[in-house]
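The block underneath contains the structure these notes are about, expressed in structure tokens.
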Ligand code: BEZ
């Protein structure tokens, strides 16, 4: 199975590799009994044939590390299930969503129209999720979003074809608002986030519950997305605002620069830093190191969670990749699990049947704890309060409670 998936990727990356890949693919197809001569659509739709799935993640740009974690999580699920989804050999085609809709929309269009995949998993960036929504809705191909939190995707722009195994930007931040208000005891916070859909929505979610619980906002700034390397001017403004703490959303490379500069600027000791969990999640935490200690965040996963599913997942992930899993890995792992169940349950091989079956998959026993799709296609799940601590020489997101907003 690994050969088939590897080959389908190599086919897109150059002629020499394609020749070798075709030979491997033909060999593997012979073993698996799938017909490579069939037109793509037919091959993906035939009962018992391989099922074609697109993996749309950032392989470049500020969120590339998140894309790698998602690919690892998705691949791990396949490796643990004989390379199959719905009992059929899974042929995965990867595409790079890049940093925005200008790259993400063409990449998704190719998967749907040229590669003729049966479903797509992935999408990190909210602006890209919003940009590709109509493509999937009109083509009647299921999109299982494994990160992007855009609120409207499961709200005003909901589609029968769009499902999400991640979170909404509102939910993950609403979960922590009352907790921060309580910690502040009447003092104000300053808000910082990147200037694009997710930044604005995440801060709106936080402000909603924070202010409802009596919290005060001293000011807010939205920094140019993917371009800001020097946060000092923004941090100076936050300090001058008189706020007692900062609430922030950054992810990937931006989260590393932000947290390190926050500490270098001497703010860690003066103004506690709170945020959505992406701020300290995964590889970024290792890069931030001691600068992140004390940051409190809200997220639906920590690799420190104490449950049997997570223990097994962390062990398998570490064995496969020599790295610890992240929320991005889990969201993609669970997307594969949901798609696996849906493909088994679907009445036929059409996108409509697969999308409908996603609504029947029930509870997913996940490393994050059990969750299920709600009526709006978002997960009904627990959000955890996490604090960055040093444990046994490593910096980790310790789980210090559950958030019940
Ligand atoms: C988003 O664009 O929705 C997003 C990106 C990275 C982490 C979390 C959310």
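Read-outs throughout are calculated quantities, based only on the coordinates presented, and are distinct from any laboratory measurement. Quantities reported herein were computed from a predicted structural model and do not represent experimental measurements. Glycine gets a Cβ as well: all are built from the backbone with ideal geometry, and neighbour counts include every protein chain shown.
Observations, loosely collected:
- Relative exposure of 347, 75, 322, judged by other C-beta atoms within 10 Å (fewest first): 322, 347, 75
- Added length on full extension, which subtracts the Cα-Cα distance from 0.36 nm per residue, residue 400 to residue 82: 110.8 nm
- Relative contact order (%) - criterion: Cα under 8 Å, at least six apart; region: the chain: 16 percent
- A simple packing score, the average count of other Cβ atoms within 10 Å per residue, orders the peptides 309-315, 204-210 as 204-210, 309-315, with the highest score first.
- Nearest-0.05 FRET efficiency for residue 264 and residue 60, computed from C-beta distance (R0 25 Å): 0.35
- At the listed q of 0.09 Å⁻¹, the Debye profile of region 170-299, built from one uniform point per Cα, gives log10 I(q)/I(0) equal to -0.20.
- Gained length - residue 110 relative to residue 211, 0.36 nm times residue gap less alpha-carbon distance: 32.0 nm
- Exposure proxy shown here: for 372, 88, the number of other Cβ atoms within 10 Å sets the order, fewest to most, as 372, 88.
- Potential extension, residue 382-residue 102 segment - 0.36 nm per residue separation minus Cα distance: 97.4 nm
- Exposure proxy order (Cβ contacts within 10 Å, fewest to most) of 184, 70: 184, 70
- Spin-label model, residue 287/residue 348: points 7 Å from Cα along the beta carbon direction are separated by 4.8 nm.
- For the chain, Kirkwood radius (reciprocal of mean inverse C-alpha pair distance, Å): 21.5 Å
- Rounded to 0.05, the FRET efficiency of the residue 230 and residue 188 pair, given R0 = 35 Å and the Cβ-Cβ distance, is 0.90.
- Share, in percent, of DSSP beta bridges within the chain that are antiparallel, nearest 5: 35 percent
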